[in-house]
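Below you'll find the structure I mean.
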Amino acid sequence: SREVLMAEADTGTPETTAGGNGAAAAISIEDLQAQLAAADARAKQSHDQYLRSLAEMENVRKRAQRDVEAANRFGLERFAQELLPVKEGLDLAVENAPKADRDSLAAGQLATQQLLSKAFERLGIVELDPVGEPFDPTQHEAMMVQPSASVEPDSVLTVVQRGYSLNGRLLRPARVIVAKAPGQGA
């Protein structure tokens, strides 16, 4: 007869609305209290999930910050490891310079240069030596313009200082002399 009491409550009969039937009012209050308790439980659960999510986001932020700090601190480690053999080769050359003859010094310098070139290659450092290539202001820095019949106008005639890129990103532009057609004005 709960259905009957609920139906009477829905129709608004005087017994249920004026409090004439206490049983119907009690059941409806009990239902409301149960619904309120369920809503409170859902709200508490949602709040707990929110707090957990907030804590997890804070942990992710802190972890990312530690990773960035470690990358900054140890980012040069690989670079340093690649250059250690080059330094050792130079140290050996300096130690043996008074005893060495000209040919052995030249051989030592060449070996050290090759070590450095291999280290650069492994690190992704590429040397830019653009002789004969068209002048590219994004990769080259023009030091001067010089007339030349042997090279196309607006191409690199001579490299004054080589440029370098790291994994496709320009570290330093190549400083160049750009060719112009003979008789062409500056």
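I'd like the residue in the stretch 141-151 that is part of a loop (DSSP other than H, G, I, E, B) and surrounded by fewer than 14 Cβ atoms within 10 Å (Cβ to Cβ) and, out of all such residues, is nearest to the chain's Cα centre (by Cα).
Among them, the one singled out is Ser150.
Table: residues versus (1) farther than 30 Å from Thr158 by Cα; (2) surrounded by 13 or more Cβ atoms within 10 Å (Cβ to Cβ); (3) touching a helix residue (DSSP H, G or I) at 6+ places or on another chain (Cβ under 9 Å).
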| residue | (1), (2), (3) |
| --- | --- |
| Tyr50 | yes, no, no |
| Ala55 | yes, no, no |
| Asn59 | yes, no, no |
| Asp91 | yes, no, no |
| Val94 | yes, no, no |
| Pro98 | yes, no, no |
| Thr112 | no, yes, yes |
| Leu116 | no, yes, yes |
| Pro137 | no, no, no |
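Answer yes if at least one residue in the stretch 101-109 is of a type outside the set (Lys, Arg) and either in contact (Cβ under 8 Å) with a residue 60 or more places away in the chain or closer than 26 Å to Thr158 by Cα (or both), and no otherwise.
Checking the stretch 101-109: at least one residue is of a type outside the set (Lys, Arg) and either in contact (Cβ under 8 Å) with a residue 60 or more places away in the chain or closer than 26 Å to Thr158 by Cα (or both).
Now for a different question. For the stretch 51-88, enumerate the residues that are in contact (Cβ under 8 Å) with a residue 40 or more places away in the chain and charged (D, E, K, R).
Listed by number, the residues that qualify are Arg78, Glu82.
State whether the residues of the stretch 20-33 include one that is loosely packed, with under 10 Cβ neighbours inside 10 Å and either β-branched (Val, Ile, Thr) or modelled with pLDDT of 95 or more (or both).
Among the residues of the stretch 20-33, not one is loosely packed, with under 10 Cβ neighbours inside 10 Å and either β-branched (Val, Ile, Thr) or modelled with pLDDT of 95 or more (or both), which makes the answer no.
Filter the stretch 152-186 down to the residues that are touching a residue at least 24 places away in the same chain (Cβ under 8 Å), among the basic types (Lys, Arg) and open to solvent by 60 Å² or more (accessible area, probe 1.4 Å) and list them by number.
Arg162, Arg175
The values are calculated or read from the model by the stated rules, or taken from the named source; none is laboratory data. All values reported here derive from a predicted model rather than from experimental measurement. Don't worry about glycine lacking a Cβ; one is built from the backbone with ideal geometry, like all the others, and counts go over all protein chains shown. Areas reflect the complete protein model, heavy atoms only, side chains present, ligands, DNA and RNA absent. Shrake-Rupley method; radii C 1.70, N 1.55, O 1.52, S 1.80 Å.
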